Amino acid sequence: MTSAGATSLRPLVILISGTGSNMQAIVRAAQQRRWRERYRAEVAAVISNRPDAKGLAWAAEQGVPTAVVDHTAYPSREAFDEALAQTIARFDPHGQGLVILAGFMRILTPGFVQRHEGRIVNIHPSLLPAFPGLHTHRRAIEAGCRFAGATVHRVTAELDHGPILEQAVVPILPGDTPEALAARVLTQEHLIYPRAIERLLGGAGA
């Protein structure tokens with residue numbers, strides 16, 4: 001990445017832990033909506049904390065560089081986050097891009113968040129501020145909620161409490177199960193996450 005054309009692109013570094021279905025939606029949106037030409041932005045890398053994450057193979061098939069920072073190889077969260085930050089910097093050496101969490105199942109340390117302040121985005125499977133944390137669909141059903149959904153937000157040091165960028169509302173149906181609700185919410189995640197990122201890049205979000 002030494003040419004002027006390469007350094008002028010805004011890098012999007014996506015972090016995953018599994019299949020990365022939201023990552024796939026973002027990569028497809030970047031290709032189909034020509035983010036490189038329209039916003040001077042590209043998916044620069046997909047990084048996983050799990051060597052066996054299935055999304056790595058998919059990303060490589062699309063020509064997206066991949067990397068692994070195995071969290072089990074580090075003695076502490078701080079040590080892992082330092083290694084992760086150094087790997088991100090390989091693909092975003094000027095610190096001008098976005099760090100996009102797409103099913104990344106690690107809680108980031110405050111130091112990591114501060115280091116990338118204002119540049120980390122996440123998607124959470126609830127209508128925040130309701131139901132931060134895990135088991136959101138089961139908790140929403142048990143609470144008797146009539147609606148669930150998903151939220152794209154900026155990441156801050158407080159878990160699932162950053163400024164909201166985009167939301168989608170999904171009705172909870174009579175007799176719903178957490179699995180059925182999760183599947184319907186996921187289809188909305190695939191729509192709103194690329195849209196929110198496009199808005200951050202300067203697009204209309206449509």
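The values are calculated or read from the model by the stated rules, or taken from the named source; none is laboratory data. Source: prediction; values computed, not measured. Methodologically, a virtual Cβ is constructed for each residue, glycine included, from the backbone with ideal geometry; neighbour enumeration extends over all protein chains shown. For accessibility, only protein heavy atoms count, side chains too; no ligands or nucleic acids. Shrake-Rupley method; radii C 1.70, N 1.55, O 1.52, S 1.80 Å.
A few notes on this one:
- According to the calculation over all Cα-Cα pairs in the chain, the P(r) per 10 Å bin from zero is 9, 34, 37, 16, 3, 0 %.
- CD proxy at 222 nm, helix term only [per DSSP H run n ≥ 4: -39500 (n - 2.57); per residue of the chain; nearest 500]: -11500 deg cm²/dmol
- Lys, Arg +1 and Asp, Glu -1 on Cβ, resulting dipole of the chain about Cα centre, debye, nearest 20: 520
- With protein chains left intact and a 1.4 Å probe, residues in the chain average 49 Å² of accessible area per residue.
- Under-5 Å amide H pairs with A41, H placed in peptide plane, nonlocal only: R10, R36
- Between 0 and 90°, nearest 10: helix 21-32 axis offset from the chain longest Cα axis: 60
- Cβ-placed point charges (K, R +1; D, E -1), dipole of the stretch 62-173 about Cα centre in debye, nearest 20: 240
- Between the stretch 126-161 and the stretch 10-77, the C-alpha centres lie 24 angstrom from each other.
- Computed in the context of the full set of protein chains, the accessible area of the stretch 49-137 at 1.4 Å probe radius has 54% of its extent on carbon or sulfur.
- Note on the stretch 165-206: Rg/Rh from C-alpha atoms, Kirkwood Rh, equals 1.12.
- Relative to the longest principal axis of the Cα atoms of the chain, the long axis of helix 178-201 makes an angle of roughly 40 degrees.
- For the listed peptides 167-177, 147-157, a ranking on the average number of other beta carbons within 10 Å per residue, highest first, reads 147-157, 167-177.
- Helix 77-91 axis versus longest C-alpha principal axis of the chain: approximately 60°, rounded to the nearest ten.
- The convex hull built on the alpha-carbon positions of the stretch 18-95 has an orientation-averaged projected area of 5.5 nm².
- For E198, the shell of other residues with beta-carbons less than 9 Å away shows a net charge of +4, using +1 for Lys and Arg and -1 for Asp and Glu.
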